[in-house]
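The block underneath contains the structure these notes are about, expressed in structure tokens.
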Amino acid sequence: MAWITKQSGTIQIDRRDEPYLTAEIRKDFESRMFPRYPDKQACTIPLLHAIQDLHNWLPYQAIEEAADFLGLPASTVLDTATFYEEFFLEPRGKYTIWVCQSVSCEIMGNTKLVEKLSEKLGIGPHETTEDGRFTLMNVECIGACGGAPCALVNHKLHENLTADNVEQILDGLD
Amino acid sequence: MPLESPILLKNIPTPPWGEFADRKTLSYDDYVKADGYKSLDQAIGMEPKDIVEIVKAAELRGRGGAGFPAGMKWSFLPPQDGGQRFLAINCDESEPATFKDQVLTEFDPHLIIEGIAICMKACQLDTAYYYIRGEYHHHRVIFENAIAEAYANGVFGENSRMGKVNERWPNLYLQRGAGAYICGEETALLESLEGKRGWPRIKPPFPAVAGAFGRPTIINNVETLSMVVPVLANGADWFKSMGVGRPEGAPPNVPASFGPKLFGISGPVQRPGVYEDNLGVTLKTLVEDHCKGMIPGKQFKAAFHGGISMGVLDTTEYEAEMDFDIGKKYNNLGLGTACATIIPHDVSMVAMARNCARFYSHESCGQCTPCREGGNWLYKMLTRIEAGDGTMKDLDLLLEIASSMGSMPGTTICGLADGANWAV
Ligand SMILES: Cc1cc2nc3c(=O)[nH]c(=O)nc-3n(C[C@H](O)[C@H](O)[C@H](O)COP(=O)(O)O)c2cc1C
Ligand code: SF4
Ligand code: FES
């Protein structure tokens, strides 16, 4: 939910020595991304994407590092990060399954998909399997309504799913 | 009158002129072979203000939802003052039922890029950001690649064939959203572009005056900018020979419905997809001809005709003309994105209303109390009613909450709350 507020300031931060914000990302942003915008704050979302693409989620330490790099208070970057559904401030599964639940997909029978996946994976929506492989998400329209009902598994789109073929989207995943 | 030949979908095979199965992405070279970038060359030889005049004369209206005339928007820009000026292209496309911009992005990215370049030249905007929703992964890769091709072929960057625009070499960058419907609202999009929460701004100032980074900014939808390309090539009169035009008797300052439009149809029809036809085509034609009718055993009951924010057409309104006057004629909020979800006879309207309420309560940005709290309240009550535990008092309460939400009664900043309350 977009308007969930930030965690309180008393939160304990797990730290590690190795930075999440790698030298490579820094270099890329300094040479390629910063010149694109009048100020560095505009790089917040691209930077969070870059970090998350690498680590699969955004630990608090990473938020602090990003803020430092952009010359912003950590609270400002956290403020932005917590607004967007795609940013995970807690660890998630290796594969995130985004099942659309908006109108076209509901009409075409999405609830059966979620039931089937829940049953197969043993988790409910917005939960992660114990082995850390799958996170199941119930989300709003993913812009593929012509192929309803549909779902994304990480970056891959699957259309025209049914209760019978939905398990196939898990096939071939290691 | 049906559209004779495809305009925006000229290079994207679509029934009745082609088959979905034959669609493939056009590279820069493919696009140039199909006469691409000719309109840009034409624009380069023109005075910026003359380009704006053609778009104005064509009365091209925004295709992102609000239907605001593009030429008029462009002419709101203040004179150049030496500072940067921006273009933000809205490819957030998060309105449920809407999937038209992704077809252009996936198959004919250079058409969009050409439209972007023309707009930059016409309005003297030096930097453009293509704001694409986070979930369009495959499309993002394609568009990123098309931008690189455009740079390599001298459309953007140093030594751009456009020369300097607003005293700078023109640039186009892709910006990836991160999953928030509200970022399709133009000022929320700007906040997001600036690296902040997608919170709509209170207007005025309007973006044309103070938009991204406090500078003059034009925001247009992908389809709107793509349409500039054929309009420039063929002229305003050609564009105005299509569509239904102005309602009879309306004075010339009333915005009209000229030209073709993309329509995305989904739900239980035989051949869902994105089609192109003239504004004014009936919903029935879209369903029965373009989509080959309902799937066997399903009957048309109603439709969300323009994304879910615009309301519904009921069974008796099956033959409604899909144009910008649909709101006035059929008492709904308007044409919206012109992408329709068909609701069949066996799906309950309460379930649909509940689905919409959940969507808006989830996607509310939370700044305005009526929207944030009201949306959630509506959702809970509709859930209860759908489960069969509703009372008559619930109905009164639903109406009371719904009528207190929205920028129409003036209690909220943006139009999300208006979209949220119509369902009740
Ligand atoms: C809640 C909300 C969501 C919107 N989402 C989109 C969207 O996803 N894509 C879009 O082009 N316009 C969207 N709009 C409309 C934009 O605010 C704006 O009117 C449009 O991008 C302008 O472009 P146009 O004049 O070319 O249509 C939205 C508006 C509101 C109030
Ligand atoms: S109406 Fe809703 S979405 Fe729009 S600004 Fe207010 S709270 Fe945010
Ligand atoms: S409604 Fe499911 S993808 Fe649009």
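The values are calculated or read from the model by the stated rules, or taken from the named source; none is laboratory data. Since the model is a prediction, treat every value here as computed from it, not as a measurement. Cβ sites come from the backbone with ideal geometry, for glycine too, and all protein chains shown count toward neighbours.
In region A:87-118, how many residues are under 17 Å from A:LEU157 (Cα atoms) and within 16 Å of ligand 1 (Cβ to nearest atom)? Result for region A:87-118: 3.
Only a single item in (1) within 13 Å of chain A (Cβ to nearest Cβ); (2) farther than 30 Å from B:THR224 by Cα is not met by B:ILE342, and it is number (2).
Every condition in (1) in the same structural domain as B:GLN299 (by TED's automatic domain parsing); (2) closer than 30 Å to A:THR76 by Cα holds for B:ILE265 except the one numbered (2). Every listed requirement among (1) at pLDDT 95 or above; (2) part of a loop (DSSP other than H, G, I, E, B); (3) of a type outside the set (Ser, Thr, Tyr) is met by B:LYS301 save one, (2). Set side by side, the residues B:THR391, B:THR412, B:THR383 differ, and just one is of a type outside the set (A, V, I, L, M, F, W, C) and either in contact with a strand residue (DSSP E or B) (Cβ under 8 Å, 6 or more places away or on another chain) or under 20 Å from B:ALA180 (Cβ atoms) (or both), which is B:THR412.
For region A:137-166, a tally of residues being exposed (fewer than 14 other Cβ atoms within 10 Å of the Cβ) and outside any loop (DSSP other than H, G, I, E, B) returns 1. Only a single criterion out of (1) in contact with a Cys (Cβ under 8 Å, 6 or more places away or on another chain); (2) within 14 Å of chain A (Cβ to nearest Cβ) is not satisfied by B:CYS91, namely (1).
What is the residue count in region B:71-105 for residues that are more than 11 Å from ligand 1 (Cβ to nearest atom) and β-branched (Val, Ile, Thr)? Here the count works out to 2. Within region B:74-113, the set of residues being crowded, with 24+ Cβ neighbours inside 10 Å, more than 24 Å from A:TYR37 (Cβ to Cβ), at pLDDT 95 or above and among the charged types (D, E, K, R) comprises B:LYS100, B:ASP108. Under the condition of being among the basic types (Lys, Arg) and within 25 Å of B:PHE20 (Cα to Cα), the residues counted in region B:108-148 number 2. Just need a number here: residues in region B:144-183 that are part of a helix (DSSP H, G or I), more than 11 Å from chain A (Cβ to nearest Cβ) and buried (at least 19 other Cβ atoms within 10 Å of the Cβ). The qualifying residues number 3.
Per the listing B:THR224, B:THR187, B:THR217, the residue uniquely at pLDDT 95 or above, more than 20 Å from B:GLY115 (Cβ to Cβ), among the polar types (S, T, N, Q) and within 14 Å of ligand 1 (Cβ to nearest atom) is B:THR187.
Checking each residue in region B:202-223 for being outside any loop (DSSP other than H, G, I, E, B), within 19 Å of B:ILE89 (Cβ to Cβ) and not aromatic (Phe, Trp, Tyr) picks out B:ALA212, B:THR217, B:ILE218, B:ILE219, B:ASN220, B:ASN221, B:VAL222, B:GLU223. Would you be able to tell me the number of residues in region A:62-113 that are more than 7 Å from chain B (Cβ to nearest Cβ) and within 16 Å of ligand 2 (Cβ to nearest atom)? Count: 1.
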